[in-house]
Amino acid sequence: MSNKTRILCATALFLPFLANAASSQDTGYTVSDQVIKDQRAALAKNTFGKGYGPQSPRDIDNIQGNNERTFAQAPAYTKMNLCNIHFHKNAEHKGGEFTQHAGNGDGYGYRGGYQYSGELSETELAPIEQEIGASKYGSLYPGDTIEVHYVHSTAKVTPGATLGACLSEANMNPQLRVETQVFVLVNDSEAEDFTDLTKLGMVNGLNQAVNIPSDSGKPVQYTGSTTGPGYNEKASPLQVSWSVRPEVIKLNIDSVGKWLESNAFDEDHAHGVRNLVVNPDLLSNAK
C-alpha cells in the first residue's frame, strides 16, 4: 500500500469528526427522547467488550469514568503543530457556563448540544442584517453558542482543511490534542474578534494559533476521542487529549462572518454535534 493510499485511509477515520448532518435540509424537526436513548443504546451495544478507548464529548463537571483503556497525554499544545481550526454550533461538551440543553435536534447533529447558560442584553441580541455561515442546515445568529476546536498534532504539518491536515506521510499516527473554547455570539463590535483569536504564526519553529484564550478558567483535561455526529452509534477509534475551558467568552458575530468568508481551513459554516457521551464505561477519569 502506497503512502498516499495510507494517508487517504487514515484520513477517512476522521470523516465522522468532520461530517455534516445527513439530513438534506434544516426543517426544524426535533426527534424524541426515545431516538437519543436508542442511539445511546446502539453505541453501548456496538462497543461492549471490544476494547474501545474513552470517548468524547462529555460533561466536564463530572470527572468520573470507568474506561480503563489508557494512552499517554499529548504534549502541551505549545509543543505541537496547530493543524486545524473548526467549530460546532452549540457546545458538544456540557458544563461550566454552557449547561443549557439546546434540545435533541434532528438526530443527525444539528440543533442539539448545549448553550451558554448566562444572560445577554437586548443590544447584544439585536438582529444583524447579513446572514452568517449560511448553509442548508441554517445560519448563525446573535445569542448562538459555538464550540471552537483548535486541533494540534505531533506530526510535522501545516494548518489546513479537514483533520487530514493533522497527518503526514512521515507520521500517520500522531498524538492529537484539542484546545477547546466555547463562545456566545453577540451583536457587539467591542466583543472579542474571531480573526484575532484564530491568528496563525510560527512560535519556536511550530505552527500555532497565537491568541488561544488563556483567561476563561482552568481547563478540564481528559483523554477521549474525536467527535462529530457520525459517532452517535459507534465509537471513534482515535485517541485525543482534550483541554476544555469552562467559561464562555462573548464573540463579535460579524468577526465570525469575516473568518468564514476566508480562512486557511476552508471552513464556511458550523459543524453538527455528537450526542453527549454519558456511559461511564466509555469515559475516562478527567482532571
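For the range 77-95, does any single residue satisfy the condition of being within 19 Å of the chain's Cα centre (by Cα), touching a residue at least 24 places away in the same chain (Cβ under 8 Å) and over 30 Å from residue 158 (Cα atoms)? Checking the range 77-95: at least one residue is within 19 Å of the chain's Cα centre (by Cα), touching a residue at least 24 places away in the same chain (Cβ under 8 Å) and over 30 Å from residue 158 (Cα atoms).
Highlighted here are the strands (runs of 3 or more DSSP E) found entirely within the range 141-212 that include at least 2 residues which are within 16 Å of residue 227 (Cα to Cα), of a type in the set (A, V, I, L, M) and in contact with a strand residue (DSSP E or B) (Cβ under 9 Å, 6 or more places away or on another chain): 145-153, 176-186. Please work out if residue 214 is surrounded by fewer than 19 Cβ atoms within 10 Å (Cβ to Cβ) and either in contact with a Lys or Arg (Cβ under 9 Å, 6 or more places away or on another chain) or not acidic (Asp, Glu) (or both). So residue 214 fits the description; yes. Is one or more of the residues making up the range 6-15 modelled with pLDDT of 95 or more and of a type in the set (A, V, I, L, M)? No, the range 6-15 contains no residue that is modelled with pLDDT of 95 or more and of a type in the set (A, V, I, L, M).
Hey, does the range 108-131 have a residue that's among the small types (Gly, Ala, Ser), at pLDDT below 95 and assigned to a loop (DSSP other than H, G, I, E, B)? Yes: the range 108-131 contains one or more residues that are among the small types (Gly, Ala, Ser), at pLDDT below 95 and assigned to a loop (DSSP other than H, G, I, E, B). Would the range 76-93 turn up any residue that is of a type in the set (S, T, N, Q), modelled with pLDDT of 95 or more, surrounded by fewer than 22 Cβ atoms within 10 Å (Cβ to Cβ) and not in a loop (DSSP other than H, G, I, E, B)? Yes: the range 76-93 contains one or more residues that are of a type in the set (S, T, N, Q), modelled with pLDDT of 95 or more, surrounded by fewer than 22 Cβ atoms within 10 Å (Cβ to Cβ) and not in a loop (DSSP other than H, G, I, E, B). Among the residues of the range 213-242, those identified as assigned to a strand (DSSP E or B) and of a type in the set (Gly, Ala, Ser) are 224, 241.
Conditions (1) within 25 Å of residue 143 (Cα to Cα); (2) surrounded by fewer than 20 Cβ atoms within 10 Å (Cβ to Cβ); (3) touching a Cys at 6+ places or on another chain (Cβ under 6 Å), marked per residue:
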site	(1), (2), (3)
206	no, yes, no
245	yes, no, no
270	yes, no, no
284	no, no, no
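Could you tell me whether the range 210-224 includes any residue that is of a type in the set (Val, Ile, Thr) and without any contact (Cβ under 8 Å) to a residue 12 or more places away in the chain? Scanning the range 210-224 turns up at least one residue that is of a type in the set (Val, Ile, Thr) and without any contact (Cβ under 8 Å) to a residue 12 or more places away in the chain.
The values are calculated or read from the model by the stated rules, or taken from the named source; none is laboratory data. Not measured: the values here are computed from a predicted model. All Cβ positions, even for glycine, are placed from backbone atoms using ideal geometry, and neighbour counts span all protein chains on display.
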